[in-house]
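Q: Encoded as structure tokens, here's the structure I'll be asking about.
Nothing in this text is a laboratory measurement; each read-out follows from the coordinates by a stated rule. None of these values were measured; they are calculated from a predicted model. A quick note on method: Cβ atoms are made from the backbone with ideal geometry, for glycine too, and the neighbour counts reach across all protein chains shown.
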Amino acid sequence: MEIEMKIKGLVVDPVSKMPIIVLEDPSGERILPIWIGVFEANAIALTIENIPTPRPMTHDLMKNFLNRLEIALEKIVVTDVRNNTFYALLHCRHGDAPLLLDSRPSDAIALALRMKSPIFVEEGVVEKAQSLKLDDNLENSERLKKWLEGLKLEDFGKYKM
């Protein structure tokens, strides 16, 4: 079953110093943190903040391609997590033909934001992510889990949704 999620915000992992995009279900009961790269976080932050760029960024170019070819991005779905790596699919449509494209979740989310498409996560991914081995050091892993569980709205700074 797919769960529609919204972006709760972008935060920086206090242990690894890497950006995390935090997805949240509408009820606020389930969150899904996904560690992403700095460039992808920047692409997402630019869209969240409605900051125009002088030239098209990579995800803007992709959006322009899809629009020009009349391909709709119906939704993105985070479909799996294996070996601490998340997987996503772009669910597109060209006329009557469905198109599925493999994607990193960070790129899928950046594109979904630009195309105003919904973001979904397979329920099993949320369940698997709860048991991810976040760090080889158990002390840091437990500290990070507690930190993620205790996030409040004000912790998201200017990138809260």
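Q: Could you work out the pair-distance distribution P(r) of the stretch 31-82 from its alpha-carbon pairs, with 10 angstrom bin width and percents rounded to whole numbers?
A: The percentages, shortest bin first, are 18, 43, 34, 5.
Q: Tabulate in residue order the Karplus-calculated ³J(HN,Hα) for the stretch 66-78, using 6.51 cos²θ - 1.76 cosθ + 1.60 with θ = phi - 60°, rounded to whole Hz; enter x for Gly and Pro.
A: 4, 5, 5, 8, 6, 10, 8, 9, 6, 5, 10, 9, 7
Q: Amide H neighbours of Met5 under 5 Å, counting only residues 5+ apart in sequence or on other chains, H built in-plane at 1.01 Å?
A: Ile119, Phe120, Val121
Q: If the limit is 18 Å between Cα atoms, which of Lys6/Lys116; Lys8/Lys116; Lys17/Lys75 go over it?
A: Details: Lys6/Lys116 11 Å; Lys8/Lys116 16 Å; Lys17/Lys75 30 Å.
With Cα atoms farther than 18 Å apart: Lys17/Lys75.
Q: Sorted by packing (mean other beta-carbon atoms within 10 Å per residue), highest first, where do 48-55, 68-75 land? Walk me through the intermediate numbers first.
A: Numbers: 48-55: 8.2, 68-75: 14.4.
Per-residue mean Cβ counts within 10 Å order the peptides as 68-75, 48-55.
Q: Another one. How large is ³J(HN,Hα), in whole Hz, for each residue of the stretch 111-116 in order, when computed from phi with the Karplus curve 6.51 cos²θ - 1.76 cosθ + 1.60 and θ = phi - 60°, using x for Gly and Pro?
A: Whole-Hz 3J(HN,Hα) from phi for the stretch 111-116: 6, 4, 4, 5, 9, 6.
Q: Next question. Quick one: net charge of Glu122's neighbours, Cβ under 10 Å, K/R +1, D/E -1? Before the final figure, lay out each step's value.
A: Numbers: positive: Lys128; negative: Glu2, Asp80, Glu123, Glu127.
Net local charge, Glu122 excluded: -3.
Q: Rank-order 56-65, 37-46 by packing density, defined as the average count of other C-beta atoms within 10 Å over each peptide's residues, highest first. Numbers along the way, then the final one.
A: Values: 56-65: 15.2, 37-46: 17.7.
Top of the packing list down: 37-46, 56-65.
Q: Ranking request for peptides 99-109, 77-87: highest mean number of other beta-carbon atoms within 10 Å first, then the rest in descending order. Each step should come with its number before you reach the end.
A: Values: 99-109: 19.2, 77-87: 16.5.
The densest-packed peptide leads the list: 99-109, 77-87.
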